[in-house]
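Notes to accompany the following structure.
Please treat every number below as a calculation from the coordinates, not as lab data. On a predicted model such as this, the values are computed, not experimentally measured, just so you know. Ideal geometry is used to build each Cβ from the backbone, glycine not excepted, and the neighbour counts take in all protein chains shown.
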Amino acid sequence: MLNKPVLVESLIVFVIVLCVHSAVWDRFSWCAIALAIQAFYVQFKWDHLLQLGSAVFQFRTTANSGLLPACMAIPLLGIVMKERCDMAGIVYFERFGIVVACTGMVIALFLSVIAIGITKPVPTNTCILSGIAGSLIIYTVKQSLSVSEVIEVLEVLLIFVYLSMILLYLLPRCFTPGEALLLLTGISFVLNQLIKRSLNVVEGRGDPVDFFLLVVVVGIVLLGIFFTALFFFMDSGTWISSMFFHMMTAVLGLGVVMPWLYRLIRRNPLFWLFQFLSQTQMRVYLLAYWTLLAISACTIVLYQNTKRSSGSKKYQASTITRKYFHFIVVATYIPGLIHDRQLLYVVSVVCLAVFILLEYIRYFRIKPFGQMLRHLLSLFLDERDSGPLILTHIYLLLGMSLPVWLFPRPCAPKGTLAGAGALAPYSGVLAVGVGDSVASIFGSTVGEIKWPGTKKTFEGTMTAIFAQIITVAIILIFDSTVDLNASYSWILVSISLVSLLEAYTTQVDNLLLPLYLQILLMA
């Protein structure tokens, strides 16, 4: 039987689904509601399988499956993107939003079929609900998509299946089923979009900034898969292996990624990047400011490690110490969102590539820095880093960056952005940088009244809501392009729901909360 926190988490997700469709009601609404109901039942089956140890792959054991919130995030994101681009009259991105929504529903339906197939005895109620939801989804897909778009949905599903088999086998205990669903669906979309745009490059759609994200993400993922397969057959900790790693990284970067990016943007990628970064004086100032913040973050890491080495007992960074990095990231993103969002977009992609590359060096113990990174980062481990990878800092960067990457810039009106949707790019700052940080700090220091079944406190959640409202007021003062247009009640409801979800979810909140806040604000 599902425990109380999972039931409350599911109830919050249902309320979010209903809130979104109270603002955006169309033929996809019935599919989304049916999908939410059947995902709730499928989550129950997955949780039971995880408790019995009967799952095909090894998932993170400190959390429930998280299938319901993960299954609903991508379809809801596609639906609100479709609606916003429809109002702006941008047909291309409206169709893309429909493809995103349909693909998210099809992948969620695919997972439900797998869950039913491996559950013994076969659950009758879940079969009936999945059949109803599947019929609605297939009928809506048939009515909404063209033949080429159906093929695109199937392509993403096929990539998702292959990536699931590869990554979940290579990286046991790193993800819950829900986290794996979100990450692998995102990577599958990126890979499919890159292949599609590479084949149709003559059309010239998109700008170099968007191509930069696609190529970097696919390149860094393929690099990881290549070295993981290679180091199955050789020791990665020797100097010969380390030299081979650095050499092959340079060869793949300069021989594959650079030419691929050159084909897409029709100019030298390094010259374009240098010209882009130094285009205005404001960009130079922002880069210098961000460099100082990066040095500050490294200083905190080194200082905390000196405390560990000098102490007699085993030292581990506290929750408050880990939240320092959240505030540093907030100080990084807010000036970028106010003054130059395209620069923030590009720099966040570069930081993601650097973070993942450093994690490869740490994981494979690549000389000369692999062992040192293992020692430095082990201080900041928490219960969510139970697998071979340390992903907390990468999730933090993703949570802050996803609203910037996913915000449909062509569908946003020129000039002042009106309504709650104007805050959508700030979703990561509000939900993770401010809300999650304040909830953790105040909950662990002054919190006394715990939410039933959790370690989170009522005081922490209420303080987080208040802090996010104050942040919204500060954004209104400093960002003249934002006009909330009397949508204050919707913003308050959105922040409150996401803060309650943070209190009850056991998934990686750095990844989940910004997506749901962005969905609610864009609706």
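Translational diffusion of segment 322-379 was estimated from the Stokes-Einstein equation, with Rh taken as the Kirkwood radius over Cα pairs; at 4 °C and 1.567 mPa s the coefficient is 99 µm²/s. Peptides 180-187, 295-302 ordered by packing proxy, namely the average of other Cβ atoms within 10 Å per residue, highest first: 180-187, 295-302. Ratio of Rg to Rh for segment 190-267: 1.08 [Cα atoms; Kirkwood radius as inverse mean 1/r over pairs]. The equivalent ellipsoid that matches the C-alpha gyration tensor of segment 431-482 spans semi-axes of 27, 8, 8 angstrom, in descending order. Within the P(r) computed for segment 61-100, what percentage of the Cα pairs occupies the region above 11 Å? The answer is 62 percent, as a whole percent.
A Förster radius of 60 Å, combined with the Cβ-Cβ distance separating residue 278 from residue 124, puts the computed FRET efficiency at roughly 0.40.
For residue 482, the residues 5 or more places off, or on other chains, whose built amide H falls under 5 Å of its own are 417.
The smallest convex shape that holds all Cα atoms of segment 1-119, its convex hull, gives 103 Å³ per residue.
Computed from the C-beta positions of residue 3 and residue 196, the FRET efficiency with R₀ = 25 Å rounds to 0.05. Short to long, the 5 Å bins of the Cα pair-distance histogram for segment 235-384 hold 2, 8, 12, 16, 16, 16, 15, 10, 4, 1, 0, 0 percent of all pairs. With the alpha-carbon atoms of segment 108-182 aligned to their principal axes, the span from lowest to highest coordinate is 40, 33, 16 Å, starting with the largest. In a fully extended conformation the segment linking residue 285 and residue 56 would gain 77.4 nm over its present Cα-Cα distance, using 0.36 nm per residue. Between residue 64 and 506, the built amide H atoms are under 5 Å apart, and every one of these is 5 or more places off in sequence or on another chain. Sparsely packed loop sites in segment 235-274 (the chymotrypsin sites (Phe, Trp or Tyr not before Pro) outside DSSP H, G, I, E and B with at most 10 other Cβ atoms within 10 Å) do not occur. Once backbone amide H atoms are built at 1.01 Å from N, residue 450 has 458 as its partners under 5 Å, excluding neighbours fewer than 5 places away on the same chain. For segment 454-469, backbone phi angles converted through the Karplus equation (6.51, -1.76, 1.60; θ = phi - 60°) give residue-by-residue couplings of 10, 8, 7, 10, 4, 4, x, 5, 5, 5, 5, 4, 4, 5, 5, 5 Hz, Gly and Pro being listed as x.
Could you work out the mean projected area of the convex hull around the alpha carbons of segment 5-70, in square nanometres to one decimal? Spelled out: convex hull of the Cα atoms, projected over all directions, averaged, 4.8 nm². Across segment 85-148, Cα-Cα distances exceeding 13 Å account for 68% of all pairs. The string of couplings for segment 75-85 from the Karplus curve (6.51, -1.76, 1.60, θ = phi - 60°) is x, 5, 4, x, 5, 6, 5, 4, 5, 5, 6 Hz, one whole number per residue in order, with x for Gly and Pro.
At the listed q of 0.13, 0.16, 0.26, 0.27 Å⁻¹, the Debye profile of segment 148-205, built from one uniform point per Cα, gives log10 I(q)/I(0) equal to -0.39, -0.55, -1.03, -1.08.
Expressed per residue, the C-alpha convex hull volume of the chain stands at 156 Å³. When the charge dipole of the chain is built from unit charges on Cβ atoms (+1 for Lys and Arg, -1 for Asp and Glu) and taken about the Cα centre, the candidate among 125, 13, 277 whose Cα reaches farthest toward its positive end is 277.
Our coupling estimate for segment 24-31, obtained by passing each phi through the Karplus curve with A = 6.51, B = -1.76, C = 1.60 and θ = phi - 60°, is 10, 10, 8, 5, 6, 5, 4, 4 Hz, Gly and Pro reported as x.
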